[in-house]
Amino acid sequence: MIYTKVTESIAKELISSRAAKLTESITVAISLNAHKYKAIDLALGNPDFPVIEEIKEAGVQAIRGDINHYANPCGTKILRNAIAEKTSQSLNIKVDPETEITVTCGTTEAMINTLMTIVDPGDEVIVFEPFFGNYVQALTLCGAVPRYVRLHSPSWYIDERELTCAFNDRTKAVILNTPSNPTGKVFSSTEISLISDLCNKWDVVCVSDEIYEHIVFDGLKHISLIQSDDMRHRLILISGMSKTYGVTGWRIGYAIAPPKITNAIRAVHSCTTVGTASPLQTAGVVPLQMPEEYYQKLRRDYQFRRDRLSNILEPLGFVCYKPQGAFYMMANISKFGFANDVDFANFLLKEVGIAVVPGSSFYSKSANINNMVRLCFAKSESTLNTAEERLAKLAFI
């Protein structure tokens, strides 16, 4: 066989226009660099403390019980039943596990499958910014057009007029993330009602990412649009086990949707990953049956970590926007005098040994935001102690 050299110009033509627009996750790239520079990783949203023994043991027992073969592509019956039962308890709604639940390889797959199900090329999808980057990447794969609506700091409020003006005849969906990554915003009942009214007025689907649903602070309550009767037919709820139970590597997510949409999501799912790991689906029933005390402790522990990180940062000159939920904190870095957030993040990584994410990576280019960073506080006490020691260097800047 004769091989010929492929020139750079020809090689570029072999890549689709969609793939050419995709970029590597900056959070993952920074996390990898954290290892390179032996830095404390406050970038990646990945708890660095052990999963509780009861959950780990469930995984071991499932594998030893020879649950190692293909499962039902839409999710094992016992896991879908457990998801339906947990949803009933936490949100006080009934979900049919046979016709309304699809188990996926993490919430990322659930989001991509969902958007591929409901969005056509050229459709507009409303995205609140700052946003989780995978949303925009998924829309790029679908050929959709993101329509950005700003969450205004420091409280990350919605301007009602701005949101109302974003809806139009081309709007197909709105992506909601509550509690939010990267801001930790918990959308209020007033904001939820506004989104509901606009979705019904314009016949728009809402895709609600609620992966951090159990991590809320200061006595606030998570509100889901799926609890609204007039939204059930146009609401797709996405959640999973990674954040609540600390099993980020298990990759178990799910989408709850009306039967017709669920059938289409399952069809797309069957063309992508086909199914989620069988033993982990069986083991996943255990954390979903945790008592209320587990969730109370979860909230207390993360609120303590939030306040711990804030107490480290604020005396140094960071202006912290305290999150209402999730486990990330946005902080203004203007005091340090760097040209932009990327330069500051590189300085922290290489000179201080702390990895953070530039805030601009969570905004569209037109937003022109470059004075914030995001830090993750899903970290052990020893990690936070070491971070405090290293960040003390900033006091001399």
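Points worth noting:
- ASP41 meets the conditions (1) exposed (fewer than 14 other Cβ atoms within 10 Å of the Cβ); (2) among the acidic types (Asp, Glu); (3) within 22 Å of the chain's Cα centre (by Cα) in every case but one. The failed one is (1).
- When residues of segment 167-201 are limited to those that are part of a loop (DSSP other than H, G, I, E, B) and of a type in the set (A, V, I, L, M, F, W, C), the one farthest from ASP120 (Cα to Cα): VAL186
- Of all the criteria given as (1) surrounded by 21 or more Cβ atoms within 10 Å (Cβ to Cβ); (2) touching a residue at least 60 places away in the same chain (Cβ under 8 Å); (3) not in a helix (DSSP H, G or I), the one not satisfied by ILE83 is (3).
- Leading residue by the ranking (farthest from PRO73 (Cα to Cα)) among those in segment 238-281 that are open to solvent by less than 30 Å² (accessible area, probe 1.4 Å), assigned to a helix (DSSP H, G or I) and of a type in the set (Gly, Ala, Ser): SER242
- Cβ-Cβ contacts under 6 Å between residues 6 or more apart (or on different chains), taken from a first residue in segment 130-151 that is closer than 13 Å to LEU22 by Cβ to a second residue that is open to solvent by 70 Å² or more (accessible area, probe 1.4 Å) and small (Gly, Ala, Ser), are absent.
- With respect to the stated conditions, ILE101 is more than 30 Å from HIS152 (Cβ to Cβ) and of a type in the set (A, V, I, L, M, F, W, C).
- Options ARG266, ARG306, ARG300: the member that is out of contact with any strand residue (DSSP E or B) (no Cβ under 9 Å at 6 or more places or on another chain) and either at negative phi or touching a residue at least 12 places away in the same chain (Cβ under 8 Å) (or both): ARG300
- Scanning segment 320-342 for residues that are outside any loop (DSSP other than H, G, I, E, B), open to solvent by 10 Å² or more (accessible area, probe 1.4 Å) and without any contact (Cβ under 8 Å) to a residue 40 or more places away in the chain turns up CYS320, SER334, LYS335, VAL342.
- Subset of segment 200-221 [more than 18 Å from PHE128 (Cα to Cα), of a type outside the set (Phe, Trp, Tyr) and either open to solvent by less than 10 Å² (accessible area, probe 1.4 Å) or in contact (Cβ under 8 Å) with a residue 60 or more places away in the chain (or both)]: HIS214, ILE215, VAL216, ASP218, LEU220
- Among the residues listed as SER90, SER31, the single one being farther than 17 Å from VAL205 by Cβ, open to solvent by less than 30 Å² (accessible area, probe 1.4 Å) and hydroxyl-bearing (Ser, Thr, Tyr): SER31
- Which listed residue, of THR99, THR114, is open to solvent by less than 40 Å² (accessible area, probe 1.4 Å), touching a residue at least 12 places away in the same chain (Cβ under 8 Å) and not aliphatic (A, V, I, L, M): THR114
- Considering residues of segment 145-166 that are of a type in the set (Phe, Trp, Tyr) and assigned to a strand (DSSP E or B) only, the residue farthest from the chain's Cα centre (by Cα): TYR157
- Candidate set from segment 86-103 (those that are in a loop (DSSP other than H, G, I, E, B) and touching a Ser or Thr at 6+ places or on another chain (Cβ under 8 Å)); member that is farthest from ALA267 (Cα to Cα): ILE93
- If you check PHE362, PHE338 for being of a type outside the set (Lys, Arg) and closer than 16 Å to PRO130 by Cβ, only one passes: PHE362.
- Residues that are assigned to a loop (DSSP other than H, G, I, E, B) and surrounded by fewer than 22 Cβ atoms within 10 Å (Cβ to Cβ) within segment 117-131 comprise ASP120, PRO121, GLY122, ASP123, listed in sequence order.
- Annotation note: of ALA34, ALA19, the sole residue that is small (Gly, Ala, Ser), outside any loop (DSSP other than H, G, I, E, B), modelled with pLDDT of 85 or more and farther than 22 Å from THR140 by Cβ is ALA34.
- Residue count for segment 343-373, restricted to those that are of a type outside the set (Ser, Thr, Tyr) and outside any helix (DSSP H, G or I): 12
The values are calculated or read from the model by the stated rules, or taken from the named source; none is laboratory data. As the structure is a computational prediction, the values presented were derived from the model and not from experiment. Methodologically, a virtual Cβ is constructed for each residue, glycine included, from the backbone with ideal geometry; neighbour enumeration extends over all protein chains shown. Heavy atoms of the whole protein, side chains included, go into the accessibility calculation; ligands, DNA and RNA do not. Shrake-Rupley method; radii C 1.70, N 1.55, O 1.52, S 1.80 Å.
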